[in-house]
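Since the structure comes first, as structure tokens, the remarks are kept for the end.
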Amino acid sequence: MRLPNETASSWVLLTFASFSWSSLGAWAEVPDLKPSDRAEIEKLAHSLKTHIDSLLKEARDTQEAQLFGRPSAQAKQNATLVLLKRRVDEALALVTIRLGGGSKKHPAVTSFLPGLLTGFSRAPIDKRAKLANEAAGRLEAGEDFGERAVLVGKLKEGAERAQQAIHANDGAQTGWSKERSEELVAKGRLRLELERVHRSLGALFPGQRDFVESFFLKGERPSEGTSEDEATGTNEDTEA
């Protein structure tokens, strides 16, 4: 028996193991075998199926996190950061007009947002909510103008929204890592179980190597090939 490469996906290993489990089930029904042999084969099938089900669950959980959990959290984080940047830009524009006389170099403007929008945009993602809150605080403590209260509220709300999304995205990443780790453990256990089944069959049917190997895929094919092989003339036993 040659197991799939260790770097192969869980789905490749599951396909391989499912064939072996199905082979065990098929032979457990064959009357040519002794009842005691059939009973032992049924036990092997039951044990193998338990490990298959375990990996299948973990692989699906990882896939769910990969396809939906992580992208959803990442998209929400991205949307809230874009929104926050738009609100900072809006506040900067009004501060420039109302307090800076149209100049971004005015002390009131540079005090509100020292690095202007470029500095804010280039800041690390996990720092932007804090920067927006600090800007809101400086704006609130500075000279009043008509739109100030609304801008302060929008900055604080946008910062809070972004911070929550960043936290959720970090959680989604951690969740995926946990699911992936559990999948790898289940994958390793299934490989060990397949090896155990192979050894058990070898002990159950000594001297019948070809028969034992027929319970396992050879590469991606059963030992006797497939009907597709015959249709395309790729059966290994076909002579040129």
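Scanning segment 71-99 for residues that are touching a residue at least 24 places away in the same chain (Cβ under 8 Å) and open to solvent by less than 20 Å² (accessible area, probe 1.4 Å) returns Ala73, Gln77, Thr80, Leu81, Leu84, Val88, Ala91, Leu92, Val95. Going by the structure shown, is Arg189 within 30 Å of Leu99 (Cα to Cα), in contact (Cβ under 8 Å) with a residue 24 or more places away in the chain, assigned to a helix (DSSP H, G or I) and open to solvent by 80 Å² or more (accessible area, probe 1.4 Å)? Against the criterion (within 30 Å of Leu99 (Cα to Cα), in contact (Cβ under 8 Å) with a residue 24 or more places away in the chain, assigned to a helix (DSSP H, G or I) and open to solvent by 80 Å² or more (accessible area, probe 1.4 Å)), Arg189 does not qualify. Filtered by the rule that a residue be open to solvent by less than 40 Å² (accessible area, probe 1.4 Å) and either assigned to a loop (DSSP other than H, G, I, E, B) or acidic (Asp, Glu) (or both), segment 203-212 gives a lone residue, Phe205. The residue pairs whose first member lies in segment 198-227 and is at positive phi, whose second member is open to solvent by less than 40 Å² (accessible area, probe 1.4 Å) and in a loop (DSSP other than H, G, I, E, B), and whose beta carbons are closer than 6 Å, counting only pairs six or more residues apart or on different chains, are Gly225/Asn235. Pairs are defined by a Cβ separation below 7 Å, a sequence spacing of at least 6 or placement on different chains, a first member in segment 1-12 that is open to solvent by 50 Å² or more (accessible area, probe 1.4 Å), and a second member that is not hydrophobic (A, V, I, L, M, F, W, C); the pairs so defined are Met1/His198; Met1/Glu213; Val12/Pro4.
Looking at Leu24, Leu56, just one residue is under 15 Å from Val197 (Cα atoms) and buried (at least 16 other Cβ atoms within 10 Å of the Cβ), and that residue is Leu24. Within segment 18-33, the set of residues being among the aliphatic types (A, V, I, L, M) and either more than 20 Å from Thr50 (Cβ to Cβ) or touching a residue at least 12 places away in the same chain (Cβ under 8 Å) (or both) comprises Leu24, Ala28, Val30, Leu33.
Comparison of Glu195, Glu157, Glu179 shows that the only residue that is open to solvent by 40 Å² or more (accessible area, probe 1.4 Å), free of Cβ contacts under 8 Å to residues at least 24 places away in the same chain and not small (Gly, Ala, Ser) is Glu157.
For Lys34, the conditions (1) surrounded by fewer than 17 Cβ atoms within 10 Å (Cβ to Cβ); (2) within 16 Å of Glu220 (Cβ to Cβ) are fulfilled apart from (2).
The values are calculated or read from the model by the stated rules, or taken from the named source; none is laboratory data. Model, not experiment: these values are computed from the prediction. So basically every Cβ, Gly included, is an ideal-geometry build from the backbone, and we count neighbours across all protein chains shown. Please note that ligands, DNA and RNA were not included when accessible areas were found on the heavy atoms of the full protein model with its side chains. Shrake-Rupley method; radii C 1.70, N 1.55, O 1.52, S 1.80 Å.
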